[in-house]
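Read through the structure below, which is laid out as structure tokens, and then see the notes.
The values are calculated or read from the model by the stated rules, or taken from the named source; none is laboratory data. None of the values given here were measured: they were computed from a predicted structure. Cβ sites come from the backbone with ideal geometry, for glycine too, and all protein chains shown count toward neighbours.
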Amino acid sequence: MARNMISRYLWLVDTISHYGRITLKDLNKAWLRSEISEGKPLARRTFFHYRDGVEEMFDINIQCDKSTFEYYIDDKGGENSARLRSWLMDSVSMSGMLSGAHSISGRIILENVPSARQHLPVIIDALKQNHRIGFSYKSYTRSRPTDGIVLEPYFIKIFKQLWYVIGRNVKDKQIKTYSLDRMSHLNMLPDVFTMPENVNPSEFFKDCFGIITNRNSAKRIVLRVEPTQAKYFRALPLHHSQQEAVHDNYSIFSYKMRITYDLKEEIMSHGASIEVLEPQELKLLIRTELEQALKNYQ
């Protein structure tokens, strides 16, 4: 599909989302004010064509309130679905911009991210059909790969630009997490499984930072953060429970989270700009790690 058509789809969704509700007349005014219109009005027939294209490409349904003749985004599917659509739109928009930037490719620096294109389509098909998957896995903690893993995939998650699949290991009968970049010989098996009613993807990582979870209860975690680092925390919160109390020379950030390996690593990555105030067990965990690291330089 041509990039300018995708741009029009994205403009339509962004504009309606911005206004919340908008009539076709006001939408046309906003259209004419934008460069994307090229000075031509948005015909009703063209709008309906774009609306159908948006639903087909992004699964975003633009509805009309017949009592007011206003159009709005139907947030079907809840918060997770809305997040996925937003992520998809951002990805398509970025892809469109970069595909037209060959002339300045030497001036665009990208991160080297392990690709999930090989395995992600297979896992998504398995999720749709509730089929088990089989694969070999090269764990960083083992010298040789583990062959013949059979997993009932429950859901997938992306964290720090890596894709993970979370599901029930049939042999171990435990819910485990696997990184797609360490998989090989992946295939969808004919075996069908039933998704457990007590497993809710939204709740599974609710109290955790990152991809690693445990059975510990969530605790109140309090961090003292220096002013510059606090700005980054405001822009990109560590967790949805984040709350901030601003002081003259620092900020106090509080959370309700489980103490996990990923959380410990994230806190330590910020060095002296963060101090753990609560709970005591997290303070001792960080202190022990720092003391062990210091021994390497003595």
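Before moving on, here are some points about what is shown:
- Residue in region 133-155 that is among the aromatic types (Phe, Trp, Tyr), under 25 Å from Glu265 (Cα atoms) and loosely packed, with under 12 Cβ neighbours inside 10 Å present: yes
- Test set (1) within 12 Å of Leu24 (Cα to Cα); (2) in a helix (DSSP H, G or I); (3) under 26 Å from the mean Cα position of the chain (by Cα) - Thr46 fails condition number: (3)
- Among residues of region 157-184, those that are of a type in the set (A, V, I, L, M) and either at pLDDT below 90 or not in a strand (DSSP E or B) (or both), counted: 4
- Checklist (1) surrounded by fewer than 15 Cβ atoms within 10 Å (Cβ to Cβ); (2) more than 28 Å from Gln118 (Cβ to Cβ); (3) not small (Gly, Ala, Ser) applied to Pro190, failing item: (2)
- Among the residues of region 208-245, not one is in contact with a Pro (Cβ under 8 Å, 6 or more places away or on another chain) and free of Cβ contacts under 8 Å to residues at least 40 places away in the same chain.
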